[in-house]
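K.L.:
My questions all concern the structure below.
The values are calculated or read from the model by the stated rules, or taken from the named source; none is laboratory data. Since we're looking at a predicted model, the values are computed, not measured. Neighbour counts run over all protein chains shown; Cβ positions are idealised from the backbone, glycine included.
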Number of protein chains: 2
Amino acid sequence: MLVRINRTNRRLVDGHLAALGAERVFCSEFNYRGGAEIFGEGEGAEFVYQIISGVVRTHKLLPDGRRQIKAFHLAGDMFGLENGTTHRFTAEAIVGTEVRIAGRRSLLEVTTHRGTEAANLIALINQNLQHAESHMLLLGRKTALERVAAFLLEMDERLAHPDVMILPMTRRDIADYLGLTIETISRALSTLRGEQILRFIGQTQREVVLLDRGRLATFDAQ
Amino acid sequence: MLVRINRTNRRLVDGHLAALGAERVFCSEFNYRGGAEIFGEGEGAEFVYQIISGVVRTHKLLPDGRRQIKAFHLAGDMFGLENGTTHRFTAEAIVGTEVRIAGRRSLLEVTTHRGTEAANLIALINQNLQHAESHMLLLGRKTALERVAAFLLEMDERLAHPDVMILPMTRRDIADYLGLTIETISRALSTLRGEQILRFIGQTQREVVLLDRGRLATFDAQ
DNA sequence: CGCGGAGTTGATGATCTTCAAACATGGTGG
DNA sequence: CCACCATGTTTGAAGATCATCAACTCCGCG
């Protein structure tokens, strides 16, 4: 998986990318060999890409090597557009691939200085996208215990780390969120309780105290 | 899960929704009881919602009742914003919930008549979101055979139903896309071949002929 | 009090993974 | 030219994880 970039030419092109960023977006073209990395997770998101020909895969990795591919991108598809300044995925060419590249900043700024409404809207949809993407990794590659740990950490985070976390949803809701069954949820919670990572308040089993958030995080992958 | 909507009042409010659609978006407020359906999958997407207080879940259902919850929405969260005219999810209040509502058309048209670039950008991100959402259902609730059938149908669709479908990715790529192992992919393909639904051309096992797309679709759920 | 909904726990079972072996292909170098 | 090796794929056997089935508790409520 060596990175081998063959720059071919730089010229203004039209197409979907141009339609997005309008005429002032400068587009150039690149070629990647099969197996080449186009950008890596965590790298700065300088460019947005559109495939002229070839196939690209975008994926996330867990530290132990488990991989979740988010999508395969074919000719005409765009990828690499992020809300923030870093890529949330790694993109690799599967076969020899030609891409068209536009600067991200010019593209997003087009909308920004046209008014904050559009920018806010894009940020909002992008948040949803980001959440869906990380949930795909959870559903595709995490174990039951990892999923439950991730769920508890997500809720704790979103509820601003309360002393007592009151879960508004049933075990069935949690199960259907995490792609498991209610019994598996219950067993995972019992395991975490046995590990002294959490305890329940009252009889309802919906009020949770996280006793050790750090150790809980080690139960989640990454 | 009866639908019990208690309309409380209608008045102009400020907040994130207003920030999105600017001042001219008319916002009203509604109350839902726990268990109430706010909108259903497939219904027209007339409104966008922001939670004032309470909790909402959004989910997709398979015909046999398997459910995948996409997200839990808490106070401050927005949901129900779709690219097309219909909702891709069902939204239900988990507990008593107050929401702020804005008309979708006014909100999206704000960006549209400000320039097509922003609208194109939003459409693009929304496509990614839509794909991620349906993939979450696949990863959370579909069996191995259903996933492979769905994958073949997706590729067939995106390659415009070719006579011979040339898969550019390895079995490992397919496995990591579908949240399975290469052996399971291989076994599922062999099963489908045994069912006379597909056959391989040549020795490479990457060139597939779909012999019965209709029957293949029955192997996928929904 | 009885009933239903929600949750836990145990026993069993199915699906999918892991481990292993075999085979084909394609490239490399003697 | 062919041995050789890495990569990719299929298939079988064994094993682990999670699902299913079932029993039980707890609670709220008419």
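K.L.:
Is there any pair linking a residue in the stretch B:174-192 that is away from chain A (no Cβ under 14 Å) to one that is within 10 Å of DNA strand D (Cβ to nearest atom) and assigned to a helix (DSSP H, G or I), with Cβ under 7 Å and at least six apart or on different chains, and which?
P.N.:
Every condition considered, the pairs that remain are B:Ser186/B:Arg171.
K.L.:
Let me ask something additional. Checking the condition outside any helix (DSSP H, G or I), of a type outside the set (Ser, Thr, Tyr) and either away from chain A (no Cβ under 12 Å) or buried (at least 20 other Cβ atoms within 10 Å of the Cβ) (or both), which residue from B:His161, B:His135 passes? Before the answer, list the steps.
P.N.:
On the way: B:His135 fails: outside any helix (DSSP H, G or I).
Result: B:His161 is the single residue among B:His161, B:His135 that is outside any helix (DSSP H, G or I), of a type outside the set (Ser, Thr, Tyr) and either away from chain A (no Cβ under 12 Å) or buried (at least 20 other Cβ atoms within 10 Å of the Cβ) (or both).
K.L.:
Sticking with this structure for a sec: Where residues in the stretch B:63-85 are under 12 Å from the mean Cα position of the chain (by Cα) and at pLDDT 90 or above, which of them is farthest from the other protein chains (Cβ to nearest Cβ)?
P.N.:
In this case the residue turns out to be B:Gly80.
K.L.:
Could you count how many residues in the stretch B:196-216 are closer than 30 Å to B:Asp64 by Cα, surrounded by 14 or more Cβ atoms within 10 Å (Cβ to Cβ), more than 10 Å from DNA strand D (Cβ to nearest atom) and in contact (Cβ under 8 Å) with a residue 24 or more places away in the chain?
P.N.:
Qualifying residue count, the stretch B:196-216: 4.
K.L.:
Report yes if some residue within the stretch B:79-99 is touching a helix residue (DSSP H, G or I) at 6+ places or on another chain (Cβ under 6 Å) and more than 19 Å from B:Ser134 (Cα to Cα); otherwise report no.
P.N.:
No, the conditions are met nowhere in the stretch B:79-99.
K.L.:
Let me confirm something: among A:Gly54, A:Gly35, A:Gly84, which residue is loosely packed, with under 15 Cβ neighbours inside 10 Å, within 30 Å of B:Arg147 (Cβ to Cβ) and assigned by TED's automatic domain parsing to the domain that holds A:Ala123?
P.N.:
Numbers: A:Gly54 fails: loosely packed, with under 15 Cβ neighbours inside 10 Å; A:Gly84 fails: within 30 Å of B:Arg147 (Cβ to Cβ).
None of the others qualify; the one that does is A:Gly35.
K.L.:
With the structure loaded, tell me whether A:Arg158 is within 16 Å of DNA strand C (Cβ to nearest atom), modelled with pLDDT of 95 or more and not assigned by TED's automatic domain parsing to the domain that holds A:Lys60 or whether it fails that test. Spell out how you get there, then give the answer.
P.N.:
Values: within 16 Å of DNA strand C (Cβ to nearest atom): no; modelled with pLDDT of 95 or more: yes; not assigned by TED's automatic domain parsing to the domain that holds A:Lys60: yes.
Against the criterion (within 16 Å of DNA strand C (Cβ to nearest atom), modelled with pLDDT of 95 or more and not assigned by TED's automatic domain parsing to the domain that holds A:Lys60), A:Arg158 does not qualify.
K.L.:
For the stretch A:40-73, give me each residue that is assigned to a strand (DSSP E or B), of a type outside the set (Gly, Ala, Ser) and farther than 24 Å from B:Arg158 by Cβ. Walk me through it before giving the result.
P.N.:
Going residue by residue through the stretch A:40-73, those that are assigned to a strand (DSSP E or B) are A:44, A:47-53, A:56-61, A:67-73.
Then keep just the ones that are of a type outside the set (Gly, Ala, Ser); that gives A:47-52, A:56-61, A:67-70, A:72-73.
Residue satisfying the conditions is A:Leu61 alone.
K.L.:
Continuing with the same structure: B:Ser134 - would you say it is modelled with pLDDT of 95 or more and either hydroxyl-bearing (Ser, Thr, Tyr) or within 20 Å of A:Val56 (Cβ to Cβ) (or both)? Don't jump to the end; show me each part of the working.
P.N.:
On the way: modelled with pLDDT of 95 or more: yes; either hydroxyl-bearing (Ser, Thr, Tyr) or within 20 Å of A:Val56 (Cβ to Cβ) (or both): yes.
Yes.
K.L.:
Return the total of residues in the stretch A:178-190 being within 12 Å of DNA strand D (Cβ to nearest atom) and either surrounded by 15 or more Cβ atoms within 10 Å (Cβ to Cβ) or of a type in the set (Lys, Arg) (or both).
P.N.:
Start the filter on the stretch A:178-190 by keeping residues that are within 12 Å of DNA strand D (Cβ to nearest atom), which leaves A:178-188.
Next cut, either surrounded by 15 or more Cβ atoms within 10 Å (Cβ to Cβ) or of a type in the set (Lys, Arg) (or both) only: A:178-180, A:184-188.
Qualifying residue count for the region: 8.
K.L.:
Residues in the stretch A:164-177 that are over 22 Å from A:Thr218 (Cα atoms) and either surrounded by 18 or more Cβ atoms within 10 Å (Cβ to Cβ) or away from DNA strand C (no atom under 11 Å from the Cβ) (or both): how many? Give the steps one after another, and end with the answer.
P.N.:
Restricting attention to the stretch A:164-177, the residues satisfying the condition of being over 22 Å from A:Thr218 (Cα atoms) are A:166, A:168-173, A:176.
Still in the list and also either surrounded by 18 or more Cβ atoms within 10 Å (Cβ to Cβ) or away from DNA strand C (no atom under 11 Å from the Cβ) (or both): A:166, A:168-169, A:171, A:173, A:176.
Total meeting the criteria: 6.
K.L.:
For the stretch B:105-126, state whether one or more residues are surrounded by 16 or more Cβ atoms within 10 Å (Cβ to Cβ), at pLDDT 90 or above and more than 7 Å from chain A (Cβ to nearest Cβ).
P.N.:
The answer is no, given that none of the residues of the stretch B:105-126 is surrounded by 16 or more Cβ atoms within 10 Å (Cβ to Cβ), at pLDDT 90 or above and more than 7 Å from chain A (Cβ to nearest Cβ).
K.L.:
Could you count how many residues in the stretch A:90-102 are within 11 Å of another protein chain (Cβ to nearest Cβ) and within 21 Å of A:Gly65 (Cα to Cα)? Break it down into steps so the answer makes sense when it comes.
P.N.:
First pass over the stretch A:90-102, keeping only residues within 11 Å of another protein chain (Cβ to nearest Cβ): A:92-97.
Keeping just the survivors that are within 21 Å of A:Gly65 (Cα to Cα) gives A:92-94.
Adding up the residues that qualify gives 3.
K.L.:
Quick test for you: out of B:Ala217, B:Ala188, B:Ala221, pick the one residue that is out of contact with any His (no Cβ under 8 Å at 6 or more places or on another chain) and away from DNA strand C (no atom under 12 Å from the Cβ).
P.N.:
Values: B:Ala188 fails: away from DNA strand C (no atom under 12 Å from the Cβ); B:Ala221 fails: away from DNA strand C (no atom under 12 Å from the Cβ).
Sole residue among the options that is out of contact with any His (no Cβ under 8 Å at 6 or more places or on another chain) and away from DNA strand C (no atom under 12 Å from the Cβ): B:Ala217.
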